Each structure stands twice: as C-alpha cells, then as structure tokens.
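What follows is one structure encoded as structure tokens, with my remarks underneath.
All of the numbers you see were taken from the coordinates with simple rules; none came from a lab. Predicted model only: the values in this text are computed from it and were never measured. Reconstructed Cβ throughout: ideal geometry from the backbone, glycine too, with neighbour counts over all protein chains shown.
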Amino acid sequence: SPEPAPINVRDIKDIAKSKLSSAVWQYYTTGAEEECTLERNSLVIRPRVLRDVSKINTRTTIFGKTYDIPIAIAPTAYQKLVGNDGEVGLTRASHALGSNFILSSNATTSLEDVMSALPQRANHYPRPWFQLYFLRSREVTARVIRRAETAGYEALVLTVDTVVLGNRYLERKQPLTLPAGLRMANREGANAGGVTKGRLMLNARTAKEHEKVMREHGDLIVDPGLTWDETIPWLRSQTRMKIVVKGIMTGEDGAKAVEAGVDGIIVSNHGGRQLDGVPSTLEVLPELVVAVKGRIPVMFDGGVSRGSDVFKAIALGADLCFIGRASLWGLAYKGQEGVETVLHILERELSRTMALAGAMSLDHISKDMLGVARRDGF
Ligand code: FNR
C-alpha cells in the first residue's frame, strides 16, 4: 500500500530529510555555535468559548495589499539546491495560496525569471519582495535595486543581522559549495568556485586571514559599515519600493526603524544562524510591538512549523508571519505542490486553532488568549 500522505510539517520534514544530500540537509538545519537560540516557546493558549466561530477569516492587509493567510515565505538562499524548480516553485506556491514571497539576494534564479513565472492576479494582491544584502560596492548594490524595481518587486527587504556570517560549526565542517550548473543569479562577480565571499570569511582561521579576504574580495562582501542615519536615506534615494528592515531583535532598534522612516520591520534572528545566545523571536516580539506602537507593520519569523505558532505570534502583535525551513521541506517533498501542501496544512491548523480558541478573525486574536506554561507543578 502507498505511504500515507503527510498530515503535518514534521511528516514533510522527515520526507525532505530522506531526499536531500547530507551537506544540503546540514546547511538547512544548522544554527550558530552551540545552537542555544532554539525555539524557547513556553506559551500556552487560553481558549475562549461560545463566541460564534462559524466563519473563520484569516485575511490580513500589509502595505494596502490583501493576504488570504498571514503566512508568507521568508528569503532563503540557493533554493535550487532542493531541485524542483527552486525559487519559482516557492513563489508560485505562495501566490496560489493568496500570499507572498521574499526572494533572497543569494537566489539561484534571476529576479526577472521569478517575476515572469508568476501568473497575473488581481491588483489588490501583493507582488514579491526582494531581500537585499547591501554590499560595500554602492554601484553594484544600486544596480540590483534598480533591477528589482524595474522587474516590479513591491518592497526591498534589507537584512541587517548578517554584517558577517554567523559561526556555523556544522557548515564549517561540511562547507557548502554550489554544484555545477547552479549560480547566484543576482550577484555580480560572486560565483568564484561556487562559494560566496561570506563563506570564505567564515573559514578564515586568524584575524590576518580575515583581513586578507576582506582586502581581496572587498567590494563584493556585505558592508559592515552601514548605519541608520546614512543607509536608510540612501536606499530611499535609490528606489520607490517599500523599505523593510529584517533582523530586528530589540525595542531600541524597533524605535530606531520607525524614526528612520522605514515602512516595516521583520523581527528575526535569521533562524538561529547568526548570533548564538539571542532569545527566540517570540520572546522579543512583545517589546517590538510596544516600541513600534502600531506605526508600521511588525512582521515575524523563526520556528514557525504549526498553525498554533502563527496564532501565538499574532496574539503577541505580529501583522504577518514568514516560514523559512518549513517551506524548503515542502519544496523537497513535492516541488510547488509540496510547498502548497505546507501552506494548506498551516492554514488549516491556524483556522482550527482560531475556532478552538474563540477568534473568528485575526483581529480577534488577543494577547490575553496566551498564558505562560507553568513547570513548577502549580
Ligand atoms: C536563511 N535566511 C536568510 N535570510 C535572508 O535574509 N537572506 C538569505 O539569503 C537567507 N538564507 C537562509 C538560508 C537558510 C538555509 C535558512 C534556514 C535561512 C533566514 C530566513 O529568512 C529566516 O529568517 C529564517 O529561516 C526563519 O526561521 P525558520 O522559519 O527557518 O525557522
């Protein structure tokens, strides 16, 4: 008899593991250093009853655009490593579910090809966003921004938690190289030997070696000299796209982001792959929501693999959630259809959680529907 169909994201992750090479699996699953920054989720749901949940509505609006589900796809590098159409499969799946997709700077499909693979849909739905690694060469950076705007991307997502690459032990022991035929399709001059310049730096063993890599590859590595005061106005001078900052972890920086005039933030610790020892994103979300005071969307990623994770993030004030790894498991499982399966599973789980907790729409999910798990026996 055939294998039973997967019914949750964990099943799909198990299938993905059986299909991927060990180097790719390690690249996807690894965190930084001792991986202290794991999902530290001790929240429980306080359900309310007798509240008419006969019609559940999961729709939301970001930048004036409709999202049928509050779950979009985070930027992850080299999606063709999974096979199954890579970036195109993921983008199409997100659009089929009435949601959206962020294309990584380190994509293996050109940003123009991703855009032209999308069927038209009604104007009130969003177009994809482009994630930017801001390089030391302003010219190269300006060129890719222009390409994204011309191609019709709706927002530029500046990732700010990756000034240098996090210290990933597993990745260092089993370095990732791009197989022949795959290349970074949106990064000029970055395809030397199938590794990124960032990875060359990760493998430097002494400060001297690090300096040498910086000197030799200077212009095409991420600029560690960016600042709030200078960088955001410069980006504004380059583009009319919305500007979103990804990788904010403190209320102080949430307030800075509003002050600097960005259009939205994504609370993220890069899936635990950058600075080890930071809290989970669910833990810091409340301080961001307090700091931002509803002035711009506060979006969220990190460890979302169940509908209840989305429910909890929304209860704490997130306007939109992103999935990273869960979307890659879906792509490994069955290409675009597999990603759609993951999104359908999360949609069903979120709707069911909302019904059982007494929230008919996202704005009925409130903070007092959450409590803290007690481990002391009381
Ligand atoms: C990432 N992430 C990431 N972020 C980014 O801004 N640009 C990138 O190119 C990548 N690449 C990347 C590769 C892989 C393999 C992973 C797992 C992650 C971070 C990503 O956007 C997101 O913040 C996290 O993946 C969210 O956590 P979950 O959903 O994977 O737990």
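Computed about the Cα centre, the dipole magnitude for the chain is approximately 320 debye when only Lys and Arg (+1) and Asp and Glu (-1) carry charge, each at its Cβ.
Seen from all directions on average, segment 82-155 presents a Cα convex hull projection of 5.0 nm².
Sorted from longest to shortest, the spans of the Cα atoms of segment 312-363 along the three principal axes equal 34, 19, 11 Å. Here the mean projected area of the convex hull built on the C-alpha positions of segment 259-378 is 9.8 nm². A simple rule links phi to the HN-Hα coupling: the Karplus curve 6.51 cos²θ - 1.76 cosθ + 1.60 with θ = phi - 60°, which for segment 314-330 gives 5, 4, 7, x, 6, 8, 7, 10, 10, 10, x, 4, 4, 6, 5, 4, x Hz, with x for Gly and Pro.
Straight-line reach from Lys293: taking Cα to Cα under 17 Å and skipping same-chain neighbours fewer than 8 places apart, the lysines in range are Lys256, Lys367.
Per-residue ellipticity at 222 nm computed for the chain from its helices equals -12000 deg cm²/dmol, with DSSP H segments shorter than 4 residues left out and the rest contributing -39,500 (n - 2.57). Computed over the chain with a Gaussian network model linking Cα atoms closer than 10 Å, the most mobile of Pro179, Pro128, Pro70 is Pro179. The Rg/Rh ratio for segment 132-176, using Cα coordinates for both the radius of gyration and the Kirkwood hydrodynamic radius, is 1.13.
Can you list residues whose amide H is under 5 Å from Leu370's amide H, if they're 5+ apart or on another chain and H is modeled 1.01 Å from N? Placed amide hydrogens put Arg46 under 5 Å from Leu370.
Kindly state, to the nearest 0.05, the FRET efficiency for Arg121 paired with Asp363, given R0 = 25 Å and r defined as their beta-carbon distance.
Numbers: r = 24 Å, r/R0 = 0.98.
Efficiency, from the Cβ-Cβ distance: 0.55.
Which residue, Arg146, Arg51, Arg273, has the most motion in a Gaussian network model of the chain that connects Cα atoms within less than 10 Å? Looking only at Arg146, Arg51, Arg273, the largest GNM fluctuation is found for Arg51. Working note: Karplus 6.51/-1.76/1.60 with θ = phi - 60° gives segment 150-167 the couplings 4, 6, x, 5, 8, 9, 10, 10, 7, 7, 10, 9, 10, 4, 9, 6, x, 8 Hz, where Gly and Pro are set to x. A straight Cα-to-Cα reach below 27 Å connects Lys212 with the lysines Lys173, Lys197, residues fewer than 8 places away in its own chain not being considered.
Based on the alpha-carbon gyration tensor of the chain and its eigenvalue square roots a ≥ b ≥ c, which shape applies: rounded if a/c is under 1.5, prolate if not and a/b is larger than b/c, or oblate?
Cα axes put the chain in the rounded bin.
Selection among His217, Ser137, Gly338 by position relative to the dipole of the chain gives Gly338 as farthest towards the positive end (Cβ unit charges, Cα centre). For segment 126-278, the C-alpha radius of gyration sits at 1.08 times the compact-globule guess of 2.2 N^0.38 Å, with N the residue count.
Applying Stokes-Einstein at 20 °C and 1.002 mPa s to the Kirkwood radius of segment 246-292, computed over alpha-carbon pairs, gives a translational diffusion coefficient of 199 µm² s⁻¹.
Let me know the volume per residue of the alpha-carbon convex hull for segment 38-177, in Å³.
Details: hull volume 24.4 nm³, N = 140.
Dividing the Cα hull volume of segment 38-177 by its residues yields 174 Å³.
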